[in-house]
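Novice: Supplied in structure tokens, the structure appears directly below.
The values are calculated or read from the model by the stated rules, or taken from the named source; none is laboratory data. Quick caveat: nothing in here was measured; it's all calculated off a predicted structure. Methodologically, a virtual Cβ is constructed for each residue, glycine included, from the backbone with ideal geometry; neighbour enumeration extends over all protein chains shown. With ligands, DNA and RNA removed, areas are computed over all heavy atoms of the protein, side chains included. Shrake-Rupley method; radii C 1.70, N 1.55, O 1.52, S 1.80 Å.
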Amino acid sequence: MLAARDLATGEIYYRKRKRQRGLLGLLTTLRARWPGEKLYVVMDNFSPHKHPNVRAWAADNQVELVFLPTYGSWLNWIESELAALRYFALNGTDHRTHDEQNAAISAYIRRRSARAEPKTNSATDSPIRTWIHYPAMAA
């Protein structure tokens, strides 16, 4: 599954297939959602993300692909959403068909998006920032 989260609203967009065509479909959906704005899409190093067709489409459509470091997928905010999806929609289930499983995933994402909230960076308001002195970096 390929997924993206709109940080401004908290909504989740996804595609079932983890192939280059599915990724292009997801990117096209995101592009249509924010026409005329430059998009920054954070991705891990999964091979379809770096496919020449994907890179060419992104270059032609004002989309910047931002790749995380190897083994750094935990830095992507969508990963926590996918962990929650696994926990609430898939753990402890025994779906008889892929269609049943896809219906459970779709129902979870619809429910989650209906209750979506913007992603805020509470770290900027954290009192811990006032407790710690960060020394200047040496040149």
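Novice: Please go through segment 24-55 and give me each residue that is within 25 Å of Glu100 (Cβ to Cβ) and surrounded by 17 or more Cβ atoms within 10 Å (Cβ to Cβ), ordered by number.
Specialist: Residue satisfying the conditions is Leu26 alone.
Novice: Any idea how many residues of segment 2-21 are open to solvent by 50 Å² or more (accessible area, probe 1.4 Å) and on the phi > 0 side of the Ramachandran plot?
Specialist: 0
Novice: Scanning segment 43-71 for residues that are at pLDDT below 90 and part of a loop (DSSP other than H, G, I, E, B), which turns out nearest to Lys18 (Cα to Cα)?
Specialist: The selected residue is Phe46.
Novice: While we're here: Residues in segment 76-112 that are of a type outside the set (Asp, Glu), under 17 Å from Gly10 (Cα atoms) and either open to solvent by 30 Å² or more (accessible area, probe 1.4 Å) or not in a helix (DSSP H, G or I) (or both): how many?
Specialist: Within segment 76-112, residues that are of a type outside the set (Asp, Glu), under 17 Å from Gly10 (Cα atoms) and either open to solvent by 30 Å² or more (accessible area, probe 1.4 Å) or not in a helix (DSSP H, G or I) (or both) number 10.
Novice: While we're here: Can Trp77 be described as of a type in the set (Phe, Trp, Tyr) and in contact (Cβ under 8 Å) with a residue 24 or more places away in the chain?
Specialist: So Trp77 fits the description; yes.
Novice: Another one. Under 7 Å between Cβ atoms, which residue pairs at least 6 apart in sequence (or on different chains) link something in segment 1-30 that is touching a residue at least 12 places away in the same chain (Cβ under 8 Å) and of a type outside the set (Ser, Thr, Tyr) with a partner that is open to solvent by less than 40 Å² (accessible area, probe 1.4 Å) and assigned to a loop (DSSP other than H, G, I, E, B)?
Specialist: Gly10/Ala116; Glu11/Ala116
Novice: Show the residue pairs that are 6+ apart or on different chains and have beta-carbon atoms under 7 Å apart, the first residue being within segment 38-55 and closer than 18 Å to Ser73 by Cβ, the second being among the basic types (Lys, Arg) and open to solvent by 50 Å² or more (accessible area, probe 1.4 Å).
Specialist: That search, which allows pairs on different chains as well, returns Pro48/Lys18; Pro48/Arg19.
Novice: So Ala107 fits all but one of (1) at pLDDT 85 or above; (2) closer than 20 Å to Leu27 by Cα; (3) not hydroxyl-bearing (Ser, Thr, Tyr); what number is the exception?
Specialist: (2)
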